[in-house]
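The values are calculated or read from the model by the stated rules, or taken from the named source; none is laboratory data. These figures come from a predicted structure and were not determined experimentally. Here the Cβ positions follow ideal geometry from the backbone for every residue, glycine too, while neighbour counts run over all protein chains shown. The accessibility values were calculated without ligands, DNA or RNA, using every heavy atom of the protein model including side chains. Shrake-Rupley method; radii C 1.70, N 1.55, O 1.52, S 1.80 Å.
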Amino acid sequence: MKVRSMIILILAFILLSQIKMSAQQKFTISGYVKDAASGENMIGTIAGIKTTTTGTATNNYGFYSITLPEGDYTLTFSYLGYSTFDTTVFLHADERVNVNLEVEMKQIEEVIVSATDTKDANVRSAQMGKFDLQMDKIRDLPVIFGEQDILKTIQLLPGVQSGNEGTTGFYVRGGGADQNLLLLDEATVYNASHLFGFFSVFNSDAILNATLYKEGMPAMYGGRISSVLDISMKEGNNQNFHGTGGIGIISSRLTLEGPVAKNKCSFMVSGRRTYFDVLVKPFLNPEVKGSGYFFYDLNAKINYRFSDKDRLFLSGYFGRDVFSYHNNQIDLSIPWGNATTTLRWNHLFSNKLFMNASAIYNAYNFQLKANQNVFEFDLFSGIHDFNAKMDFDYFPSVKHHVQYGANYIYHIFQPQSISGKSGETHFDPTGILKKFAHEGAIYLQDEWDISDKFQLSGGLRFSLFNQVGPYILRTFDPFTLAPIDSTVYRSGEHVSTYTGLEPRLLARYFIGNTSSIKGSFTITNQYIHLVSNNGTTLPTDIWVPSSLVVKPQKGYQYSLGYFRNFKENIFETSIEIYYKKLQNQIEFREGYTPTPNEELEENFIFGKGDSYGAEFYINKKSGLLTGWISYTLSYTNRKFPDLNHGNSFPYRYDRRHNLSIAGSYQLNEKWSLGAEFIYSTGIAYTLPESKYFIEGNVITQYGTTNSYRLASYNRLDVSANYEGKKREKFQSGWSFSIYNLYNRKNPYFIYNEYSGVFLQDPKVEVQAKQVSLFPIIPSVTWNFKF
């Protein structure tokens, strides 16, 4: 179907959805759903009318709204891990029903599961590729170095692949690492890793909820073409003061939360720090005293409820990695990290109209400082955003949930710039210019139950990107490639403007009581890009805007799936097939070597890609044993006119087979066990096939791009968690885990070793050597709460 026809279809069904229904008088039930123990708003709770298929889900702030004809109804609320709550409503006027859900008590001897019509939302909803990650389930899984990590859990889901071993980067359905939008309380996180990618910046103790969209992302999200990971921080317990924390082998953490004014105002503050620098200090050679590495992060949030109609939130994150090396000759310091601040106002205009207005600031900075004798060197890069957005949730009837809004972002890009000093000589080039850009969007989305069996969810997003000066555009001699002319655009001059229509359409057809067929079609645009000269995201990677040279990336995705629940919704299963087409993909030219203060765009080449495959998923949601099995069969290719002689080649993270098994078992009231097994096809890479001499220089001849593969990756991790007896107001426990239980030597990268001397021995032998990073690693963490 052509894009224009698809857009017309979406607009048509949104307009038709607003045609008035029956003339019978109707009233609205609305309110908030909260955790009874903490007072936290509960996202995604199902609110429905018992014995019917009528229902809705709470939004990101725990608000729901259902409009029904006058009458008497039994309203039921359900959320996994909480007891179902039923209440009778005599609906003869608009009603406000606020609900507090209690945590469901564990039944060790016997698990009784009662079926309700609201526990099969994965089958009944038109949404595809959505995963809500519960933090208590993540904490049961094995970890490395005692650190729970939400990004590593995401890598276990179908259609999601990891990068190099142990890293937090993830790749969704053939997309790149920069094509995932990572949000923390609505603020973009540009580099989500600590320790050069081995830990994420997201402290699990500070997280309330995390939702991954890998297809059919709602129209409120934009700016990336592969996926969205939307993470919400805890709001803070508004009933009682609590603390949680842990002491592990490499880091410690502490979270405090409680009411400032009970039921009105609460706070949460959470901190984490590693102590590599402290542990290794006694063992350092005196010549390198003061060297070390550590990272830390701080999450904080406070909220105030003026009434049911108005609530204010202020949250922030600050994290830094600091690497330093000192000896008698050189002083080296490399700090990098993120900072975010989000101010949000929730306002309820009526029982049907909910608004969230946000002002957001986020920044990512990287710096390298070196001082050697009389020479000083300083490298800096970063990106800063100022964001204003407004989102509305409108519930015109029980069959509709309409979302609309707008947002604006002002980007400030700092390219990789270098300055230095040697004696009395200063090197501080004035040609390095910041780049600025405006990005805006408006959107509309409606979820419409056409009948009991057929549901449509359609949206349309219009986006605009304007990159303004300063900007340098150079012309090159076609033979020598030397610059022969430069045009400098100053701040305020419009250099390039791009617009895009982004339709999203999802459909669900319900089959019987336990299964459905779903389909989706999505077009997305991406206006900012991460350029990397390596296979993973590192602090040195640079974000650049679309410009006259760099065109926006564009993604088209088609999906079709069959969803089926078994055993009264204890088991969720799905089979999905997909095809994704990617345009304006970016790589560095062959043989690229970074140089100081270069104009990066002069070294870019552009191409296209595609990805297709099938995903299989089985999830056991309740009982003593819970967990999931996911398997993905996929094919991912890239094609660049200036690479591989213009022929298509496998993407670096084209992994044909990807299998993940994750589970936890509640042994008794004190002990729980966890395990995960991972298998994936090896990463594709380009192998140097020969070396020869030209005028005394050694020239390397490479084979076909990504025509070789590393050995397959597989690993088994196990864990055991002990929850001690609660003593008055204090409770502690232990977490034990073993990473890579059978000590598999998985390849991290391959390098070539040469025997002989090139200029003296023409028969030099070349041997490929494998580097493995993580052997078997045991971890232990003492956890506590009060």
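Summary of computed values
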read-out: Pairs where the first residue, in the stretch 498-509, is farther than 25 Å from Leu548 by Cα and without any contact (Cβ under 8 Å) to a residue 60 or more places away in the chain and the second is of a type outside the set (A, V, I, L, M) and part of a strand (DSSP E or B), C-beta under 9 Å, 6+ apart; value: Tyr509/Phe454; Tyr509/Gln455; Tyr509/Ser516; Tyr509/Lys518; Tyr509/Gly519
read-out: Qualifying residues in the stretch 558-592 (those that are open to solvent by 50 Å² or more (accessible area, probe 1.4 Å) and not in a strand (DSSP E or B)) - the one modelled with the lowest pLDDT; value: Gly591
read-out: Any pair with Cβ under 7 angstrom, 6 or more apart, that starts in the stretch 334-351 at a residue that is within 21 Å of Asp297 (Cβ to Cβ) and ends at one that is open to solvent by 30 Å² or more (accessible area, probe 1.4 Å) and of a type in the set (Val, Ile, Thr); value: Pro335/Val322
read-out: Residues being more than 28 Å from Gly62 (Cα to Cα) and touching a strand residue (DSSP E or B) at 6+ places or on another chain (Cβ under 6 Å) - total across the stretch 309-328; value: 7
read-out: Per-region count, the stretch 303-321, residues open to solvent by less than 70 Å² (accessible area, probe 1.4 Å), assigned to a strand (DSSP E or B) and either within 17 Å of Ala357 (Cα to Cα) or touching a residue at least 60 places away in the same chain (Cβ under 8 Å) (or both); value: 12
read-out: 2 or more residues among the acidic types (Asp, Glu), touching a residue at least 40 places away in the same chain (Cβ under 8 Å) and farther than 30 Å from Ala441 by Cα: qualifying strands (runs of 3 or more DSSP E) within the stretch 220-280; value: none
read-out: Per-region count, the stretch 132-154, residues part of a strand (DSSP E or B) and surrounded by fewer than 20 Cβ atoms within 10 Å (Cβ to Cβ); value: 2
read-out: Pro69, sole failed condition from (1) more than 21 Å from Ser451 (Cα to Cα); (2) more than 28 Å from the chain's Cα centre (by Cα); (3) modelled with pLDDT of 80 or more; value: (1)
read-out: Residue within the stretch 675-688 that is out of contact with any helix residue (DSSP H, G or I) (no Cβ under 6 Å at 6 or more places or on another chain), over 30 Å from Phe774 (Cα atoms) and either modelled with pLDDT of 80 or more or in a strand (DSSP E or B) (or both) present; value: no
read-out: Residues (of a type in the set (D, E, K, R), part of a strand (DSSP E or B) and either at pLDDT below 95 or over 32 Å from the mean Cα position of the chain (by Cα) (or both)) located in the stretch 429-486; value: Lys435, Asp446, Glu447, Asp449, Arg474, Asp485
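Every residue, every condition in (1) open to solvent by 40 Å² or more (accessible area, probe 1.4 Å); (2) within 22 Å of the chain's Cα centre (by Cα), yes or no:
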| site | (1), (2) |
| --- | --- |
| Asn603 | no, no |
| Asp610 | yes, yes |
| Asn619 | no, yes |
| Thr626 | no, no |
| Ser630 | no, yes |
| Asn637 | yes, no |
| Asp642 | yes, no |
| His645 | yes, no |
| Glu669 | yes, no |
